[in-house]
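Contents: one structure, followed by commentary.
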């Protein structure tokens, strides 16, 4: 397997001049342990059967490369985390995505088929995945690591060509392209710090005052994590936010009694108490509304069962994985929209996935909207 490794700015510039309008196969290797943003360790590109590896630690300014991706057809596999990295560095996702894992799902090869299994299925080639857990930011990279990384883009285009042919035969090409665009659109949505608390567990157990506290603390935690590039739980653990909101401590000693970690108290203890003190000054009418659980709605179990039966029939008819059409999360998103929002809120909110695009065409039109 032949490939070039780029370690200087001049090499990167020369490489970019060779790029044309042909599809680009793309993969990233990264490390994310304690950081909010993943640390990019290696970029792998293949175009016109030529593989190039870019070392982002040796080449500090990749802006010319990110700009070169504008409007390009980009082939990735299981693209979610790669797209996060591209968006962080590039600032946008102005490209056309072809995610081969999504294509495999539309062909009923598996809801989330891995790269190695896809290559084995479509190319009859065994790919070594032994280096997947390696530290990609450590230098020097070994020959084994580099060969592993290069192989991650070697098969993307030939696999996609086979997949596209089969999608065309199955009349699923348009649905596949819609789903890839949906992935890009969702990745470009910025997280609202005021809504950071909504992803936390056990909110239904809190009163409105507790919800106001956890909302303020979750917003602060997210902003602190972003500013200091720390994983959220390395600021304050999610479970500890709930304890703070439930018990509402008023001193550092109270924080210790709640068994917060020593580092949480030492670094952030006073900030936590200040935030909680500010919430005390708020008018109660500004507190968030009670959080209701879908499972507590009387019709939930019956509705969920009925929907799943319809979705199963649709999946069998079109030979698609049930999870691709509507996982439990997608169903719950729809039911939350349907039951928890009034008409005005529904107009302002984004429509649930089940009521948009190809999902609406296949099955969503059968549900209330």
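The values are calculated or read from the model by the stated rules, or taken from the named source; none is laboratory data. In this text the structure is predicted, and so the values were computed from the model without any measurement. Quick reminder, even Gly has a Cβ in these numbers, built from the backbone with ideal geometry, and neighbours come from all protein chains shown.
Scanning the range 126-177 for residues that are part of a loop (DSSP other than H, G, I, E, B), crowded, with 18+ Cβ neighbours inside 10 Å and either outside the structural domain of residue 43 (by TED's automatic domain parsing) or in contact with a strand residue (DSSP E or B) (Cβ under 6 Å, 6 or more places away or on another chain) (or both) turns up just one, 136. Scanning the range 309-361 for residues that are in contact (Cβ under 8 Å) with a residue 60 or more places away in the chain, buried (at least 19 other Cβ atoms within 10 Å of the Cβ) and farther than 16 Å from residue 182 by Cα yields a single hit, 320. Take the conditions within 26 Å of residue 340 (Cβ to Cβ) and either surrounded by fewer than 19 Cβ atoms within 10 Å (Cβ to Cβ) or touching a residue at least 24 places away in the same chain (Cβ under 8 Å) (or both) and apply them to residue 240. Does it pass? Spelling it out, it is not the case that residue 240 is within 26 Å of residue 340 (Cβ to Cβ) and either surrounded by fewer than 19 Cβ atoms within 10 Å (Cβ to Cβ) or touching a residue at least 24 places away in the same chain (Cβ under 8 Å) (or both).
Screening 115, 148 for residues that are more than 24 Å from residue 188 (Cα to Cα) and under 20 Å from the mean Cα position of the chain (by Cα) leaves exactly one candidate, 115.
Of the residues in the range 67-87, at least one is loosely packed, with under 14 Cβ neighbours inside 10 Å and under 18 Å from residue 12 (Cβ atoms). You will find that of 184, 217, 211, the residue that is assigned to a helix (DSSP H, G or I) and in contact with a strand residue (DSSP E or B) (Cβ under 9 Å, 6 or more places away or on another chain) is 184 and no other. Looking across the range 195-208, the residues that are in contact with a helix residue (DSSP H, G or I) (Cβ under 6 Å, 6 or more places away or on another chain) and part of a helix (DSSP H, G or I) come down to 196, 197. The requirement of being under 22 Å from the mean Cα position of the chain (by Cα), more than 19 Å from residue 100 (Cβ to Cβ), free of Cβ contacts under 8 Å to residues at least 60 places away in the same chain and assigned to a helix (DSSP H, G or I) is fulfilled nowhere in the range 68-78; no residue meets it. Among the residues of the range 220-241, those identified as within 13 Å of residue 35 (Cα to Cα) and part of a loop (DSSP other than H, G, I, E, B) are 229, 230, 231, 235.
Among the residues of the range 20-49, what is the count of those that are in a strand (DSSP E or B), closer than 13 Å to residue 156 by Cβ and over 16 Å from the mean Cα position of the chain (by Cα)? Qualifying residue count, the range 20-49: 7.
Which one of these does residue 268 not meet: (1) in contact with a helix residue (DSSP H, G or I) (Cβ under 6 Å, 6 or more places away or on another chain); (2) in a helix (DSSP H, G or I); (3) more than 30 Å from residue 335 (Cα to Cα); (4) in contact (Cβ under 8 Å) with a residue 24 or more places away in the chain? Among (1) in contact with a helix residue (DSSP H, G or I) (Cβ under 6 Å, 6 or more places away or on another chain); (2) in a helix (DSSP H, G or I); (3) more than 30 Å from residue 335 (Cα to Cα); (4) in contact (Cβ under 8 Å) with a residue 24 or more places away in the chain, residue 268 violates only (1).
Screening the range 282-308 for residues that are within 28 Å of the chain's Cα centre (by Cα) and surrounded by fewer than 11 Cβ atoms within 10 Å (Cβ to Cβ) and picking the one that is nearest to residue 359 (Cα to Cα) gives 305. Here is the figure for the range 243-258: residues that are out of contact with any helix residue (DSSP H, G or I) (no Cβ under 8 Å at 6 or more places or on another chain) and loosely packed, with under 15 Cβ neighbours inside 10 Å total 2.
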